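Values in this text are rule-based calculations from the coordinates and carry no lab data. Just so it is clear, the structure is predicted and the values come from calculations on it, not from any experiment. A quick note on method: Cβ atoms are made from the backbone with ideal geometry, for glycine too, and the neighbour counts reach across all protein chains shown.
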Amino acid sequence: MSGRRAATRERGLLHSLGLGLSVGLLLLVAGLAAVLIVVPKVAGATPLTVLTSSMEPRLPPGTLIVVKPTPVDRIEVGDVVTYQIESGKPDVISHRVTQILSTSDGGRSFITKGDNNSEPDAKPVLPEQVRGTLWYSMPFVGFVNQIVNGDARSWIVPLIAVLLLGYAGYMIATGLVQARRSRQRCRAS
């Protein structure tokens, strides 16, 4: 039997399993990057994480929601809107529009309510508070978004970089060892 066949057989199942896991992890990371970063950036949308249970069962805590800017005149009853709690402040809420109010001058405001709340929100939402409507959501992915964009970012990004560099070093060392063994087998044959 040639040295190449013996080396291939030696790697066998563990090599295939490792390769499959590596490819699967790469595809998962690429898919998450697309969902969390690329698609929202291209569309001008904002990824947010649901933190409370007010929109359960459809949008439980930990759900990633992507909010796309929407003209106020296109918002309809039943849409989930994301709006500032107070105009000009960064904190936002995402609730469903239950009623649209019209003013005598043609302006609009919205009555909103969390799906899991028994009462509508205390104050009508004004057009200047609206940041957009729900475009799409992904359960549990919001936790990843919180980690990547939250307070943990300062240590998680360097940790991931170190792990990736360590994995790259391991793969290079493994390749060099395998190449050396192959050369030694060829010389011995």
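For the reader, a short list of remarks on this structure follows.
- Checking (1) 47, 35, 30; (2) 94, 30, 29; (3) 60, 44, 29 against Cα extents along the principal axes in Å calculated from these atoms, the matching label is (2).
- For the pair Ala188 and Leu14, a Förster radius of 22 Å applied to the C-beta separation gives a FRET efficiency near 0.40, rounded to the nearest 0.05.
- Quarter of the Cα convex hull surface for the stretch 46-141, i.e. its orientation-mean projected area (nm²): 5.9
- Helix runs (DSSP H) in the chain reaching 24 Å along axis by Cα, Kyte-Doolittle at least 0.0: 3-33, 153-188
- Estimated FRET transfer efficiency (Val38, Ile156; beta-carbon r; R0 25 Å; 0.05): 0.80
- Cβ-Cβ FRET estimate between Tyr136 and Leu165, R0 fixed at 35 Å, reported to 0.05: 0.55
- Distance (nanometres) between label positions extended 7 Å along Cα→Cβ at Glu128 and Val23: 5.6
- For the pair Val177 and Glu86, the difference between a 0.36 nm per residue extended length and the Cα-Cα distance amounts to 26.6 nm.
- Ordering Ser87, Thr103, Leu25 by Cα displacement along the dipole of the chain toward the positive end leaves Leu25 in first place; charges were set at the Cβ atoms of Lys, Arg (+1) and Asp, Glu (-1).
- Residues in the stretch 48-73 that a label on Ile100 would reach, taking backbone N under 12 Å of a point 7 Å out along Cα→Cβ: 71-73
- Relative contact order of the stretch 46-141, pairs being alpha-carbon contacts under 8 Å that are 6 or more residues apart, as %: 35
- Max mean-square fluctuation residue, GNM over the chain, Cα-Cα springs under 10 Å, options Met138, Met171, Met55: Met171
- Whole-Hz ³J(HN,Hα) from phi, Karplus 6.51 cos²θ - 1.76 cosθ + 1.60, for the stretch 86-97, glycine and proline x: 10, 3, x, 9, x, 5, 10, 10, 10, 9, 8, 6
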